[in-house]
Amino acid sequence: MFEGDIRELDPQVGEPVGYRLLLSSGAIELADWFNKKVHVTFTGVRRCIVCGRKANKLFQNGYCFPCVRSLAECDLCIVKPHECHFHLGTCRDESFAQGHCMVPHYVYLAWSSGCKVGLTRKGRQLKRWMDQGATLALPIAEVPSRKLAGELEMEIAKHLPDKTDWRKMLKEEQKPERSLTEVRQEVIARLAPEFLPYVLPEVTTYTFRYPRADGFTVNLKSVQLDKQPVWEGTLRGLKGSTCCLTRACGTSRNLLAMKSRLHVRRHLRREQGPKNHFMNLSRVDTLSHARGISHDMGV
């Protein structure tokens, strides 16, 4: 049995994409849980992912109110990078800005619930695309700062969505009618001249496949552990930041910072004992402090 504060669903590049569920106490390799009965119980305790303070309510994917008010990673410009105010001298944390915002970023196209535009720091693009459940992705441009990436994203978003519909992403009913390369060419043709120097001359289209049991239809009921503290079902699929159990699906962002107990049940041969039993799990990884885990919405 595992017990700890839920941190995030951590995708790993592979065929298909691999996943670990990160807790404050360790990491669970979810490949070992696939097609098995999973039982999750919320203990009622919530802790801030940065300071560890217990709180009745958390904000912005796991932060307590004091941290939301003080930390740079909780400022509005994280979700609206074109509104970065570093140049005005009002940034909450200059060292955070230098390491996260004043660094090269990609503006990209991805296919998740449809074709969308997005941005991410250079070097973490694969994790970003897998976290969004993208099946196809390719960069458009590389820019020197997060603010400029936000401005370019806003320009492209005049003609393309910049959000993912998680229900459509999980259902996988829509397929691209055109290649991302063709869409990229149209995007570049519409760009204002000041953005053209940042367009990458050569790019690669990345493809991702996610684990899902054959014939499985996703139950789009979304679990809320604070309202229904027990969540169980057979793990049949993983995509983006979502675990798909037979009875409901749960996104790691909805479950962040909730102290929970997790265990898995497996089926055995009759001669080995009872039909079902609980399998003890050992911790496979020790995590650093919660602040070392990224929940920065594409920073």
Query - From the options TRP166, TRP111, residue that is open to solvent by 50 Å² or more (accessible area, probe 1.4 Å) and within 26 Å of SER222 (Cβ to Cβ) - result: TRP166
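Quick one: in the range 210-266, of everything that is in a helix (DSSP H, G or I) and surrounded by fewer than 21 Cβ atoms within 10 Å (Cβ to Cβ), which residue is farthest from the chain's Cα centre (by Cα)?
Looking only at the range 210-266, we keep the residues that are in a helix (DSSP H, G or I), and these are 252-255.
The next check asks that each one be surrounded by fewer than 21 Cβ atoms within 10 Å (Cβ to Cβ); those that pass are 253-254.
Working: ARG253: 8, ASN254: 11 Å.
Across the range 210-266, the extreme among qualifying residues is ASN254.
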Report summary line: Restricted to the range 171-187 and to residues being surrounded by 14 or more Cβ atoms within 10 Å (Cβ to Cβ) and at pLDDT below 95, the residue farthest from LEU238 (Cα to Cα) is GLN174
Requested in this report: Search the range 133-150 for residues that are on the phi < 0 side of the Ramachandran plot and at pLDDT 95 or above and pair each with any residue that is assigned to a loop (DSSP other than H, G, I, E, B) and small (Gly, Ala, Ser) when their beta-carbon atoms are under 7 Å apart and the residues are at least 6 apart or on different chains.
Outcome: ALA134/SER112
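Given the structure, is GLU153 under 26 Å from HIS100 (Cα atoms), open to solvent by less than 50 Å² (accessible area, probe 1.4 Å) and of a type in the set (Asp, Glu)? Before the answer, list the steps.
Details: under 26 Å from HIS100 (Cα atoms): yes; open to solvent by less than 50 Å² (accessible area, probe 1.4 Å): yes; of a type in the set (Asp, Glu): yes.
Yes, satisfied.
Can you pull out every residue in the range 160-198 that is β-branched (Val, Ile, Thr) and either without any contact (Cβ under 8 Å) to a residue 60 or more places away in the chain or touching a His at 6+ places or on another chain (Cβ under 9 Å) (or both)? Full working, then the answer.
Residues of the range 160-198 β-branched (Val, Ile, Thr): 164, 181, 183, 187-188.
Once the filter is applied, which keeps residues that are β-branched (Val, Ile, Thr) and either without any contact (Cβ under 8 Å) to a residue 60 or more places away in the chain or touching a His at 6+ places or on another chain (Cβ under 9 Å) (or both), the range 160-198 yields THR181, VAL187, ILE188.
Residue by residue through the range 52-64, note down the ones that are surrounded by fewer than 16 Cβ atoms within 10 Å (Cβ to Cβ), more than 20 Å from the chain's Cα centre (by Cα) and not polar (S, T, N, Q). Talk me through it step by step, then tell me what you get.
First, pick out the residues of the range 52-64 that are surrounded by fewer than 16 Cβ atoms within 10 Å (Cβ to Cβ): 52-54, 56-57, 59.
Now narrow it down to the ones that are more than 20 Å from the chain's Cα centre (by Cα): 52-54, 56-57.
Of everything in the range 52-64, those that are surrounded by fewer than 16 Cβ atoms within 10 Å (Cβ to Cβ), more than 20 Å from the chain's Cα centre (by Cα) and not polar (S, T, N, Q) turn out to be GLY52, ARG53, LYS54, LYS57.
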Query raised in the report: If you go through the range 65-89, how many residues are buried (at least 18 other Cβ atoms within 10 Å of the Cβ) and under 20 Å from the mean Cα position of the chain (by Cα)?
Result: 7
Requested in this report: Working only within the range 23-37, note down all residues that are open to solvent by less than 10 Å² (accessible area, probe 1.4 Å) and assigned to a strand (DSSP E or B).
Outcome: LEU23, ALA27, ILE28
Query raised in the report: Being of a type outside the set (Ser, Thr, Tyr), under 27 Å from ASP162 (Cβ atoms) and in contact (Cβ under 8 Å) with a residue 60 or more places away in the chain, is that true of even one residue in the range 27-49?
Result: yes
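The values are calculated or read from the model by the stated rules, or taken from the named source; none is laboratory data. The structure presented is a predicted model; accordingly, all values stated were derived computationally and were not measured. Ideal geometry is used to build each Cβ from the backbone, glycine not excepted, and the neighbour counts take in all protein chains shown. For accessibility, only protein heavy atoms count, side chains too; no ligands or nucleic acids. Shrake-Rupley method; radii C 1.70, N 1.55, O 1.52, S 1.80 Å.
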